1. Once you sort the root eigenvalues of the Cα gyration tensor of chain B as a ≥ b ≥ c, which label holds: rounded (a/c under 1.5), prolate (a/b larger than b/c) or oblate (the other case)?
2. Using the Cα gyration tensor of the stretch B:14-116, with a ≥ b ≥ c the square roots of its eigenvalues, what is the shape: rounded (a/c below 1.5), prolate (a/b larger than b/c) or oblate (neither)?
3. Specify the inter-centroid distance of the stretch B:36-86 and the stretch B:160-189, based on alpha-carbon positions, in whole Å.
4. Under a Cβ-Cβ cut-off of 12 Å, what is the net charge of the residues other than A:Cys120 that fall near it, where Lys and Arg count +1 and Asp and Glu count -1?
5. Counting each pair of different Cα atoms once, what's the Kirkwood radius of the stretch B:170-217 in Å, rounded to one decimal?
6. Hey, what do the phi angles of the stretch B:47-55 turn into as Karplus ³J(HN,Hα) couplings, whole Hz, using 6.51/-1.76/1.60 and θ = phi - 60°, x for Gly and Pro?
7. Calculate how many DSSP beta bridges within the protein assembly as shown are antiparallel, expressed in % of all such bridges and rounded to the nearest 5.
8. Between A:Arg11 and A:His47, what is 0.36 nm times their sequence separation minus the Cα-Cα distance? Round to one decimal in nm.
Amino acid sequence: MRYGLVIDLGRCTGCGACAVACKGENATPPGVFWSRVHIYETGTYPHAKLRFLPTLCMHCDEPACEKACPTGATWVRHGGIVMVNNEQCIGCGYCVWACPYQARALNREEARPYHPAHGCTPFEKLGYVAHAKGLIEKCTFCAHLLDRGEQPACVATCPSRARIFGDLDDPESEVARLIAERHPRARLPELETRPKVFYLGGC
Amino acid sequence: MGALDVPGSYLASDAGPSLSPGPDGVVEPKAEAAPRPWAFPPSIDLKEYYPHRHTSPFLAWKAILDPEKYGIDYGIDVLITYAANPIMASVNPDEAIAAFRKIPFIATIPLVFDEMSQFADVLLPESVIVERYALIEFGHHVVQAADEPLLRVKGVLVQKPAIEPLWTTRQADDIYIELAERVGFLYGRGGLNDHLNRELGLSDNYALELDRRYTTPEIMDRILRDHFDEEHSLDYFDEHAVYPRMLQRKEAYNFYHHPWGATRYPIYFERLLFFGRQLRENLASAGLETIPGQDPEDVWQHYQALPRWCGRPDDHAAPEFDMLAVNWSTPQWRMSAGDQVGNAWVQEFVEVNDPYEYRILINTRTAREKGLADGDEVEVQAWHGGRTRGRLKTTELVFPEALGFPSNHGFKSRQRNPVTRKGPHYNELLTGDEGTIDPVSAGIDRAPRVKVTKVERRRGSDRRP
């Protein structure tokens, strides 16, 4: 089994619900985004267009971050999900430099509350345990939700159903059929990292 | 012309028999199209003078400040607001503040510390969303969707508290019920329970008893069992968040209830003409020539049976007011209600990812012609209305004569979440003054003529003036 994600740029409205749902599910502190949407424009008036490019960890089959990790903290779990073992991570940041998709970040300081004058909320106190200083931040495809049979938070919340998630190795899955029939593109294929996140449309 | 309210087409109005014929076979006006009944002295929001208006809090502030002008012979002793912010979410904020100063006692049920909280004598804070109940029935209102089955979905969404309230907050409904009991208008005919029975459409079997105090979940349970069925009582929503029910086509489409020939639709607005005549007679009976504050020459031109071009209130603005300020909802912030702009996660997402939010958008070529550049701090002043400041974002995405203001930002209260104070406040450019609003609907002009000027700063100064 290999989990994969197809993002249909023709359906994405740039609302950012994916990024906000990710924050809610993973309690990432201020300044940390495992899921982003780049908003930009192309063309000139009156033919200009507003564009959206959602990004996250590509969960590559040949992850450059894994090769760069000197301690083996970066590993690939069942389903092909690229993970970080916090116990083994020494916070060197090599993986951050190695990732060509800028999908990783190193926590250089303690997690701050969103409303500093009021201290951490109970939610933040619980969630920030996984975001300590010196640890690496990245998307996990919400592996804890997958273990419960649920979809990643960004997929479940997308109001325009621009994200299709599933098993790439199952030819009957929607995600596999989309790839077979509509040939979505991966980012930076020339690097041969073999991402498992693909993009449809958007030209 | 297209097709509406016939099988296979959009539903243009409520599902079900919503557009029913009147005695003459012509569809009866509903909602704002049906004028409010006349009364004098008028209500404080002057709806009797603007009988087709949707909502007009800015008229209430005028009436409170100058009751004599509007024929009002009573004062306002108490104002209670719930999760509303008429200072920042409407127009003429200075008049709102002046009116509040005249009201002896103000209580507010706020979601957050906002401008209304600042003016309140008493705060009755409501629990946050995960601590409170909610019931939203859907399928009753205008639905425009591409999928025909979606048009026929009618159902209910129920939210139950996930946790106990952390602080001494309460459900707003329970606050109102307790206030009604303490003040003495909860029970009996004409009391709050009686009112709720009518407003909630509760049938006799499920109607609230008039001599008993109910809690919010008890009332919700009655609504669910009455409007849906016993199986979908409040208990059902321990395991479910939503109960969608697919209407039969015959239930959904008005056409089935009133097929060909049963209802005729007006082509002209003759009813508006007649309603205008009636309003004129009503005003005359109170000794008034026109709606107070409105030009008598102009008002009745708007109550016509045929469409006509009225022009805009700022058509004759000075030449330097050469741009139109426009505003729109963004996917993140569809409205300012519920303090959506204060959501720290959404705010951070926008700040990091969206280069347009919190900015004033100007066409690249227009900016060049005016000697303005991306990032410039500018002041935007309306011909009518006020002024606001913000930073420019040059873009190819806006019309060359328009200045774009995404969402609603620039809130004022220092007690507020600081993230909500960023950016320009579009509403400051608008006005609800008579002579600029539509005399029929009391609608405000939403694209005012403005001029834009660069804010020059003294060297070394980084303070906002």
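1. rounded
2. Note, shape of the stretch B:14-116 comes out oblate.
3. The distance from the Cα centre of the stretch B:36-86 to that of the stretch B:160-189 comes to 27 Å.
4. Net charge around A:Cys120: 0.
5. One over the average 1/r among Cα pairs gives 10.8 Å for the stretch B:170-217.
6. 5, 5, 7, 10, x, 10, 6, 7, 8
7. 65
8. 11.0 nm is the gain from fully extending A:Arg11 to A:His47.
The values are calculated or read from the model by the stated rules, or taken from the named source; none is laboratory data. Predicted model only: the values in this text are computed from it and were never measured. Glycine gets a Cβ as well: all are built from the backbone with ideal geometry, and neighbour counts include every protein chain shown. Just the protein is used for accessible areas: all its heavy atoms, side chains included, with ligands, DNA and RNA removed. Shrake-Rupley method; radii C 1.70, N 1.55, O 1.52, S 1.80 Å.
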